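To keep things clear, I will list the structure first and then write my remarks on it.
The values are calculated or read from the model by the stated rules, or taken from the named source; none is laboratory data. Keep in mind that what you see is a predicted model, and the values were worked out from it rather than measured. Backbone-built Cβ (ideal geometry, glycine too); neighbour counts: all protein chains shown. Only protein heavy atoms, including side chains, enter the accessible area calculation; ligands, DNA and RNA are left aside. Shrake-Rupley method; radii C 1.70, N 1.55, O 1.52, S 1.80 Å.
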Amino acid sequence: MAFVLAVALLLGLSACNRKGRHVLEVNYVSAAQATLRDRVATVYNHVGTVKNGERVEVLEREKRFSRVRTASGIEGWIEQRYLVDQQTYDVLQKLTQENLSDPVQSPAVLRNETNLHITPSREAEHLYQLSAGARVSILKRATAEKQAGAVPESAKTVRASGGRAPSGPALEDWWLVRDSENRVGWVLARMVDLDVPLDIAQYAEGQRIIAFFALNQVQDTGKDGTGKSVAQYLCAVTEPHDGLPYDYDQVRVFTWNVKKHRYETAYREHGLNGVLPVTVSTENFEKEGVLPIFILRVKDDSGNVSERKYKLNTPIVRRVLAPGETKQSQPVTKHRRH
């Protein structure tokens, strides 16, 4: 009986803080930084500061404010809009764990201060807030209906030209990204600039590069006799519009001509219903040696996704058929100078 009473006493104490205040729940700070005040009033004293992602205990609520206690024991009032609940925190942790080892599709830079949402939606909860200029890794793409009241760029163009707006809901693209601290979340695609090398970006021909990969390096010796290592690239490309039913519809491979010291389009394939992620690796092909390979994931009319493997034996790109796979006609391979 004494043991039961002792346990009950401990449980009761754990629910209260040192001053006897009952802990209502645990929250997390969703603002880059927020002030703790001593009272809910126009005039107040600053008693502390909390930062993005910090765990706090909610002790009391009043209108738009919550009284919280930090891990260091500081208590103060904070606006509730700067807090998210345990469920939101758990969802983001789960999202991070599920995508922690996903292959990077492109490095990128944030244009503005941006929130990491738990789903691809402006209305979705967020916890972490990334600063403008922060570097992130692109992992996946999704589309969502544009928030009511937001005018799509396509509609603005149509209105300016006096045309008729397209039917159906307006869609916008989102990226699933991972930041330098391995935090994962969804950000609006228009807030992100992919960090595509200028030598490759200039050959986009009005299309949008949505993923790129260095397949390997070749050695080039310039006219002055100095040598340099030059990357050869695979790019996944699509039309410059949001809301497309595929992630990319063509791929291009750019190889370096060591005699003419310039990039050439070694391979181009159109008409793909491509799905991210694209993966890049190497494989031993015996007589040809170890070559870079890339695998595309392509969806058919029934929605089934299959993989296609390709190898680069500079400057030739060839499809690698899987065991039992029937030989198919290879896409035309052309070499174009730039």
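A compact table of results
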| read-out | value |
| --- | --- |
| Backbone HN-Hα couplings from phi across the stretch 297-314 [Karplus 6.51/-1.76/1.60, Hz, Gly and Pro as x] | 10, 10, 9, 8, 5, 8, x, 7, 9, 10, 9, 10, 9, 9, 10, 10, 10, 2 |
| Full-stretch length increase - Lys299, Glu98 - with 0.36 nm per residue and alpha-carbon distance subtracted | 70.1 nm |
| Over the stretch 195-338, volume per residue of the alpha carbon convex hull, in Å³ | 128 |
| Estimated inter-spin distance, Ser121 and Val109, nm [label 7 Å along Cα→Cβ] | 3.3 |
| Pairwise label distance in nanometres, Gln207 with Asn313, each label 7 Å out on the Cα-Cβ vector | 2.6 |
| Solvent exposure of the stretch 165-238 as accessible area per residue, Å², 1.4 Å probe | 46 |
| Column: log10 I(q)/I(0), Debye, Cα scatterers of the stretch 16-105, q = 0.12, 0.17, 0.20, 0.21 Å⁻¹ | -0.41, -0.71, -0.91, -0.98 |
| Sites Thr143 and Gln250 - FRET efficiency at Förster radius 22 Å, r taken between beta-carbons, to 0.05 | 0.70 |
| Within the accessible area of the stretch 249-307 (1.4 Å probe), percent carbon and sulfur | 44 |
| With every protein chain in place, the stretch 35-103: carbon and sulfur % of accessible area (1.4 Å) | 45 |
| Theoretical FRET efficiency, 1/(1+(r/R0)^6), r = Cβ-Cβ of Val218 and Arg55, R0 51 Å, to 0.05 | 0.55 |
